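FYI, it's all coordinate maths here, none of it is from the lab. In this text the structure is predicted, and so the values were computed from the model without any measurement. In this analysis, Cβ positions are derived from the backbone assuming ideal geometry, glycine residues included, and neighbour counts consider all displayed protein chains.
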Amino acid sequence: MADWDREVLRAYGPAAAAWMAAVLGWLLLEQVQGAALHVELASVLRWAVVALLGATLGHGGWVSWRLWRRA
């Protein structure tokens with residue numbers, strides 16, 4: 001069972017990393033959004049956060065499906 005637990009943690013690792021990057025991007029976006037000079041950067045950050053959250057959901061769902069099919 002311990003090997004299976006490590007395998008699950010490794011499988012969800014990329015989804016967790018994408019979620020952490022999305023949170024950091026969101027925090028940075030909160031800092032940049034008010035500045036008039038950083039309008040383009042805020043737009044890029046906004047879409048990056050959306051893409052990272054989509055990657056989190058997509059990868060997490062795919063891993064969940066794969067693990068469910070194996071069990």
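For every helix of n ≥ 4 consecutive DSSP H residues, a contribution of -39,500 (n - 2.57) applies; sum these over the chain, divide by its total residues, and give [θ] at 222 nm rounded to the nearest 500 deg cm²/dmol.
-32000 deg cm²/dmol
To the nearest 10 degrees, how steep is helix 2-32 against the longest Cα principal axis of the chain, on a 0 to 90 scale?
10
What does the charge dipole of the chain about its Cα centre add up to, to the nearest 20 debye, if the Cβ of each Lys and Arg holds +1 and the Cβ of each Asp and Glu holds -1?
Approximately 300 debye in magnitude.
Would you mind listing how long the chain runs along its three principal axes, going by Cα atoms, in whole Å with the largest first?
53, 19, 10
Can you find, among Leu29, Ala42, Leu52, the residue sitting farthest towards the positive end of the charge dipole of the chain, where Lys and Arg contribute +1 and Asp and Glu -1 at Cβ?
The one lying farthest along the dipole's positive direction is Leu52.
In degrees from 0 to 90, rounded to the nearest 10, what is the angle of the helix 39-70 Cα long axis to the longest principal axis of the chain?
Roughly 10 degrees between the two axes.
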